[in-house]
Amino acid sequence: MTTLAIDIRKAEPRDADAIAAVHHEAWMGAYCGIIPHRALARMINRRGGDWWAGAIRRAASVLVIEIGGTIAGYATIGRNRARQLPQQGEIYELYLKPEYQGVGLGRRLFSAARRKLVGHGLNGMVVWALEENHSAVAFYAGAGGRDVAEGVEVFDQKALKKIAFVWD
Ligand SMILES: CC(C)(COP(=O)(O)OP(=O)(O)OC[C@H]1O[C@@H](n2cnc3c(N)ncnc32)[C@H](O)[C@@H]1OP(=O)(O)O)[C@@H](O)C(=O)NCCC(=O)NCCS
(Lines give C-alpha, C1' and ligand atoms only; values in the text may rest on other atoms or scores of the structure.)
Protein backbone atom coordinates (compact mmCIF):
# COMPACT_ATOMS: atom_id res chain seq x y z
CA MET A 1 0.00 0.00 0.00
CA THR A 2 1.31 3.49 -0.78
CA THR A 3 0.67 6.49 1.40
CA LEU A 4 0.11 9.75 -0.43
CA ALA A 5 1.26 12.93 1.25
CA ILE A 6 -1.32 15.72 1.47
CA ASP A 7 0.14 19.20 1.45
CA ILE A 8 -1.69 22.54 1.58
CA ARG A 9 0.53 25.47 0.62
CA LYS A 10 0.66 28.84 -1.09
CA ALA A 11 0.55 28.52 -4.88
CA GLU A 12 3.68 29.26 -6.92
CA PRO A 13 3.78 30.44 -10.54
CA ARG A 14 4.83 26.91 -11.60
CA ASP A 15 1.41 25.63 -10.36
CA ALA A 16 -0.48 27.88 -12.79
CA ASP A 17 -1.27 25.29 -15.50
CA ALA A 18 -2.37 22.70 -12.95
CA ILE A 19 -4.65 25.23 -11.22
CA ALA A 20 -6.13 26.21 -14.60
CA ALA A 21 -6.92 22.52 -15.18
CA VAL A 22 -8.60 22.21 -11.76
CA HIS A 23 -10.56 25.39 -12.46
CA HIS A 24 -11.71 24.08 -15.85
CA GLU A 25 -12.83 20.66 -14.63
CA ALA A 26 -14.36 21.80 -11.35
CA TRP A 27 -16.32 24.65 -12.94
CA MET A 28 -17.65 22.40 -15.70
CA GLY A 29 -18.68 19.85 -13.09
CA ALA A 30 -20.25 22.38 -10.73
CA TYR A 31 -21.97 24.76 -13.15
CA CYS A 32 -22.79 22.85 -16.35
CA GLY A 33 -26.60 22.99 -16.59
CA ILE A 34 -26.74 25.92 -14.12
CA ILE A 35 -24.74 28.73 -15.80
CA PRO A 36 -25.58 29.09 -19.54
CA HIS A 37 -23.00 27.21 -21.59
CA ARG A 38 -21.52 30.17 -23.49
CA ALA A 39 -21.08 32.28 -20.38
CA LEU A 40 -19.47 29.33 -18.57
CA ALA A 41 -17.11 28.61 -21.48
CA ARG A 42 -16.11 32.30 -21.59
CA MET A 43 -15.33 32.38 -17.88
CA ILE A 44 -13.28 29.20 -18.07
CA ASN A 45 -11.34 30.25 -21.18
CA ARG A 46 -10.41 33.57 -19.63
CA ARG A 47 -8.61 31.76 -16.80
CA GLY A 48 -5.88 29.77 -18.53
CA GLY A 49 -2.38 29.14 -17.14
CA ASP A 50 -1.17 32.66 -18.00
CA TRP A 51 -4.03 34.25 -16.10
CA TRP A 52 -3.29 32.14 -13.02
CA ALA A 53 0.45 32.80 -13.21
CA GLY A 54 -0.34 36.54 -13.27
CA ALA A 55 -2.73 36.23 -10.34
CA ILE A 56 -0.14 34.34 -8.27
CA ARG A 57 2.60 36.89 -9.13
CA ARG A 58 0.34 39.82 -8.26
CA ALA A 59 0.33 38.34 -4.74
CA ALA A 60 -3.26 37.22 -4.87
CA SER A 61 -3.64 34.70 -2.08
CA VAL A 62 -4.01 31.37 -3.81
CA LEU A 63 -3.71 28.13 -1.82
CA VAL A 64 -3.35 24.70 -3.38
CA ILE A 65 -3.94 21.22 -2.00
CA GLU A 66 -1.46 18.73 -3.39
CA ILE A 67 -1.86 14.96 -3.14
CA GLY A 68 1.22 12.88 -3.92
CA GLY A 69 2.53 15.70 -6.13
CA THR A 70 -0.76 16.35 -7.99
CA ILE A 71 -2.70 19.59 -7.53
CA ALA A 72 -6.18 18.40 -6.53
CA GLY A 73 -7.76 21.75 -5.69
CA TYR A 74 -7.27 25.43 -4.95
CA ALA A 75 -8.75 28.24 -2.88
CA THR A 76 -8.46 32.01 -3.30
CA ILE A 77 -8.85 34.21 -0.25
CA GLY A 78 -8.69 37.86 0.78
CA ARG A 79 -10.70 40.77 2.19
CA ASN A 80 -14.48 40.54 2.23
CA ARG A 81 -15.87 42.51 -0.72
CA ALA A 82 -19.46 42.93 0.52
CA ARG A 83 -19.71 46.20 2.48
CA GLN A 84 -23.03 45.24 4.05
CA LEU A 85 -21.38 42.30 5.88
CA PRO A 86 -19.12 43.00 8.88
CA GLN A 87 -16.91 39.90 8.47
CA GLN A 88 -13.44 40.92 7.32
CA GLY A 89 -12.24 37.89 5.36
CA GLU A 90 -13.61 36.01 2.37
CA ILE A 91 -12.97 32.75 0.58
CA TYR A 92 -13.58 33.85 -3.01
CA GLU A 93 -13.27 30.39 -4.53
CA LEU A 94 -12.69 26.84 -3.32
CA TYR A 95 -12.67 24.08 -5.92
CA LEU A 96 -11.53 20.48 -6.16
CA LYS A 97 -11.10 18.32 -9.23
CA PRO A 98 -14.17 16.07 -9.53
CA GLU A 99 -12.19 12.88 -8.85
CA TYR A 100 -10.93 14.30 -5.54
CA GLN A 101 -14.31 15.47 -4.24
CA GLY A 102 -16.18 13.83 -1.38
CA VAL A 103 -13.20 12.40 0.54
CA GLY A 104 -12.64 15.19 3.06
CA LEU A 105 -10.14 17.31 1.12
CA GLY A 106 -12.57 20.22 0.72
CA ARG A 107 -12.93 20.39 4.47
CA ARG A 108 -9.14 20.42 4.95
CA LEU A 109 -8.62 23.15 2.37
CA PHE A 110 -11.50 25.15 3.87
CA SER A 111 -9.94 24.95 7.37
CA ALA A 112 -6.53 25.96 6.03
CA ALA A 113 -8.05 28.93 4.17
CA ARG A 114 -9.84 30.02 7.30
CA ARG A 115 -6.66 29.79 9.40
CA LYS A 116 -4.77 31.79 6.78
CA LEU A 117 -7.34 34.61 6.89
CA VAL A 118 -7.09 34.73 10.68
CA GLY A 119 -3.29 34.76 10.29
CA HIS A 120 -3.67 37.85 8.08
CA GLY A 121 -5.57 39.52 10.93
CA LEU A 122 -8.96 39.24 9.24
CA ASN A 123 -11.72 38.37 11.67
CA GLY A 124 -14.82 36.56 10.50
CA MET A 125 -15.31 35.18 7.03
CA VAL A 126 -17.81 35.16 4.16
CA VAL A 127 -18.30 32.66 1.34
CA TRP A 128 -20.81 33.08 -1.50
CA ALA A 129 -22.33 30.08 -3.28
CA LEU A 130 -24.92 29.84 -6.02
CA GLU A 131 -28.15 28.52 -4.54
CA GLU A 132 -28.40 25.89 -7.28
CA ASN A 133 -24.95 24.54 -6.42
CA HIS A 134 -26.46 22.13 -3.93
CA SER A 135 -23.23 20.35 -2.98
CA ALA A 136 -21.52 23.67 -2.16
CA VAL A 137 -24.53 24.86 -0.14
CA ALA A 138 -24.55 21.55 1.81
CA PHE A 139 -20.79 21.77 2.31
CA TYR A 140 -20.83 25.32 3.75
CA ALA A 141 -23.92 24.71 5.89
CA GLY A 142 -22.24 21.50 7.18
CA ALA A 143 -19.11 23.51 8.00
CA GLY A 144 -21.17 25.71 10.32
CA GLY A 145 -21.79 28.67 8.00
CA ARG A 146 -24.87 30.82 8.69
CA ASP A 147 -26.66 31.99 5.56
CA VAL A 148 -27.26 35.65 6.23
CA ALA A 149 -27.66 37.37 2.89
CA GLU A 150 -28.49 36.74 -0.71
CA GLY A 151 -27.73 38.37 -4.01
CA VAL A 152 -28.19 37.83 -7.71
CA GLU A 153 -25.57 37.12 -10.37
CA VAL A 154 -26.56 37.44 -14.04
CA PHE A 155 -24.97 35.20 -16.70
CA ASP A 156 -26.07 35.89 -20.29
CA GLN A 157 -29.44 37.18 -19.10
CA LYS A 158 -29.99 34.26 -16.73
CA ALA A 159 -30.32 35.53 -13.16
CA LEU A 160 -29.08 33.12 -10.49
CA LYS A 161 -29.50 33.53 -6.76
CA LYS A 162 -26.40 33.42 -4.59
CA ILE A 163 -26.22 32.93 -0.84
CA ALA A 164 -23.69 34.39 1.60
CA PHE A 165 -22.53 32.07 4.38
CA VAL A 166 -20.68 33.67 7.30
CA TRP A 167 -18.51 32.52 10.21
CA ASP A 168 -17.68 34.84 13.13
C1 LIG B 1 -17.92 21.74 -2.58
C2 LIG B 1 -16.55 21.11 -2.38
C3 LIG B 1 -15.51 22.21 -2.17
C4 LIG B 1 -16.61 20.22 -1.12
O5 LIG B 1 -15.37 19.58 -0.94
P6 LIG B 1 -15.32 17.99 -0.76
O7 LIG B 1 -13.92 17.59 -0.57
O8 LIG B 1 -16.07 17.36 -1.86
O9 LIG B 1 -16.11 17.83 0.60
P10 LIG B 1 -15.65 16.94 1.83
O11 LIG B 1 -15.43 15.54 1.38
O12 LIG B 1 -14.55 17.63 2.56
O13 LIG B 1 -16.98 16.93 2.68
C14 LIG B 1 -17.19 17.73 3.82
C15 LIG B 1 -18.66 17.81 4.14
O16 LIG B 1 -19.33 18.54 3.11
C17 LIG B 1 -20.62 17.98 2.85
N18 LIG B 1 -20.75 17.69 1.42
C19 LIG B 1 -19.75 17.70 0.50
N20 LIG B 1 -20.23 17.41 -0.71
C21 LIG B 1 -21.56 17.20 -0.55
C22 LIG B 1 -22.60 16.86 -1.43
N23 LIG B 1 -22.38 16.65 -2.73
N24 LIG B 1 -23.84 16.74 -0.94
C25 LIG B 1 -24.07 16.91 0.37
N26 LIG B 1 -23.13 17.22 1.25
C27 LIG B 1 -21.88 17.37 0.80
C28 LIG B 1 -20.75 16.78 3.67
O29 LIG B 1 -21.65 17.12 4.72
C30 LIG B 1 -19.38 16.48 4.24
O31 LIG B 1 -19.53 16.20 5.57
P32 LIG B 1 -19.48 14.71 6.17
O33 LIG B 1 -18.03 14.49 6.41
O34 LIG B 1 -20.31 14.85 7.37
O35 LIG B 1 -20.03 13.80 5.12
C36 LIG B 1 -16.12 20.22 -3.56
O37 LIG B 1 -17.00 19.13 -3.69
C38 LIG B 1 -16.09 20.96 -4.88
O39 LIG B 1 -15.05 21.47 -5.28
N40 LIG B 1 -17.23 20.98 -5.60
C41 LIG B 1 -17.32 21.59 -6.89
C42 LIG B 1 -17.00 23.03 -6.89
C43 LIG B 1 -17.81 23.87 -5.95
O44 LIG B 1 -19.00 23.78 -5.93
N45 LIG B 1 -17.08 24.70 -5.19
C46 LIG B 1 -17.68 25.63 -4.27
C47 LIG B 1 -18.08 26.87 -5.02
S48 LIG B 1 -18.76 28.09 -3.96
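The values are calculated or read from the model by the stated rules, or taken from the named source; none is laboratory data. All values derive from a computational prediction rather than experimental measurement. Positions of Cβ are generated from backbone atoms using ideal geometry, with glycine treated the same way; all protein chains shown enter the neighbour counts. Only protein heavy atoms, including side chains, enter the accessible area calculation; ligands, DNA and RNA are left aside. Shrake-Rupley method; radii C 1.70, N 1.55, O 1.52, S 1.80 Å.
Roughly speaking, what is the centre-to-centre gap between region 1-77 and region 139-165 when only Cα atoms are used, to the nearest Å? Cα centroid to Cα centroid, the span is 21 Å. For the pair R146 and T2, a Förster radius of 35 Å applied to the C-beta separation gives a FRET efficiency near 0.30, rounded to the nearest 0.05.
The share of accessible area on the chain that comes from carbon and sulfur is 50 percent, using a 1.4 angstrom probe. Averaged per residue, region 55-168 has 52 square angstrom of accessible surface, using a 1.4 angstrom probe with ligands and nucleic acids left out.
Please work out whether region 49-110 counts as rounded, prolate or oblate from its C-alpha gyration tensor, where a ≥ b ≥ c are the square roots of the eigenvalues and a/c under 1.5 means rounded, while otherwise a/b larger than b/c means prolate and anything else oblate? Here region 49-110 falls in the oblate category. With a Cα cut-off of under 25 Å and a minimum spacing of 8 residues unless on different chains, the lysine pairs in the chain number 6. Shape class of region 1-120 from the alpha-carbon gyration tensor: rounded, with the ratio a/c of largest to smallest axis under 1.5. Mind giving me the FRET efficiency for A112 and E12? R0 is 22 Å, r the Cβ-Cβ distance, nearest 0.05 is fine. According to the calculation, E is roughly 0.85. For the pair R38 and K158, the difference between a 0.36 nm per residue extended length and the Cα-Cα distance amounts to 42.0 nm.
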